[in-house]
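**Student:** Sharing a structure, written as structure tokens. Questions coming.
Rule-based calculations on the coordinates, nothing more; no lab input. Just so we're clear, the structure is a prediction, and the values are computed from it rather than from any experiment. Cβ: placed from backbone, ideal geometry, glycine included. Neighbour counts: every protein chain shown.
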Amino acid sequence: TGYASVFGVKDAQNDVIEKGAFADAIKGEMPKMFFNHKSWEIPIGAYKLMEEDDYGLKVEGVLAPGHSEANNVRGAMKVGGLDGMSIGFFMGKQDYEMRSGVRYIKNISDLVEISVVTFPANDPSRVDIESIKSALGSIDSVQEFEAFIREELSVSNALSKALIGKFKDVCQREAGDVAKYREFVDTLKLTSI
């Protein structure tokens, strides 16, 4: 989760993106996710949500499991070494206005990619690092837990399956022990009456 672009900020390219500039882009296809605008490479993930608020263009996405570059990006994000975001887009002359050497962008209808970057041109455009660190809290199934083990601990598919299998065995054994304990307690309650 993060802001791919923040409104009203003069960036390193002398561009200022105005509030509402992404209204058309939001209606189209989701942009691709790359690292440092390497659009000739395989995307490192996919965006699932894109919306404008008063601050800027907010996006949510997932990094691709098993993708080596995505794993590197995730690792750098977790330690706080990588948190920039940047947009790649096309526009026509009618979509901006030049004032005092600054390009004020009113409309971006063709937003083709949003990259995780080392140095964003629009400096406050950042990934919320806490959203990366809280991946464990979003696990809702055994398959997601297995993927988490594989990706976050960088273990093989075989080892992640073995760990999940062992975990299930332990849980079932403990659940059986708890049931026996409850039965024993219930027996004591009945005999003490």
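**Student:** Computed FRET efficiency, Cβ-Cβ of Asp128 and Arg99, R0 30 Å: what is it to the nearest 0.05?
**Tutor:** Efficiency, from the Cβ-Cβ distance: 0.40.
**Student:** Which links in Lys27/Lys93; Lys58/Lys166; Lys10/Lys32; Lys38/Lys78; Lys48/Lys78; Lys32/Lys166 stretch past 30 Å when you go from one Cα to the other?
**Tutor:** Checking Cα-Cα distances, Lys58/Lys166; Lys32/Lys166 exceed 30 Å.
**Student:** Same structure again: Say the dipole of the chain comes from +1 at the beta carbon of Lys and Arg and -1 at that of Asp and Glu; which of Ala46, Val16, Val73 then lies farthest toward its positive end?
**Tutor:** In the chain, that residue is Val73.
**Student:** Could you check what % of the DSSP bridge pairs in the chain are antiparallel, to the nearest 5?
**Tutor:** Rounded to the nearest five, the antiparallel share is 80 percent.
**Student:** Then there's this: For Trp40 and Val142, compute 0.36 nm times the residue count separating them, minus their Cα-Cα distance, and round to one decimal in nm.
**Tutor:** 33.3 nm is the gain from fully extending Trp40 to Val142.
**Student:** Based on the alpha-carbon gyration tensor of the chain and its eigenvalue square roots a ≥ b ≥ c, which shape applies: rounded if a/c is under 1.5, prolate if not and a/b is larger than b/c, or oblate?
**Tutor:** Prolate, since a/c reaches 1.5 and a/b exceeds b/c.
**Student:** In sequence order, what are the phi-derived ³J(HN,Hα) couplings for segment 47-54 according to the Karplus relation 6.51 cos²θ - 1.76 cosθ + 1.60 with θ = phi - 60°, rounded to whole Hz, with x for glycine and proline?
**Tutor:** 8, 10, 8, 8, 8, 8, 10, 5
**Student:** Also, quick follow-up: Amide H of Asp110: which non-local residues (sequence gap of 5 or more, or other chain) have their own amide H closer than 5 Å, using H built in the peptide plane?
**Tutor:** Phe90
**Student:** Within a Cβ distance under 10 Å of Phe35, other residues only, what is the Lys/Arg minus Asp/Glu net charge?
**Tutor:** Combined, the nearby Lys, Arg, Asp and Glu give -1.
**Student:** Quote the relative contact order of the chain in percent (integer), defining contacts as alpha-carbon pairs under 8 Å separated by 6+ residues.
**Tutor:** Relative contact order, the chain: 25 percent.
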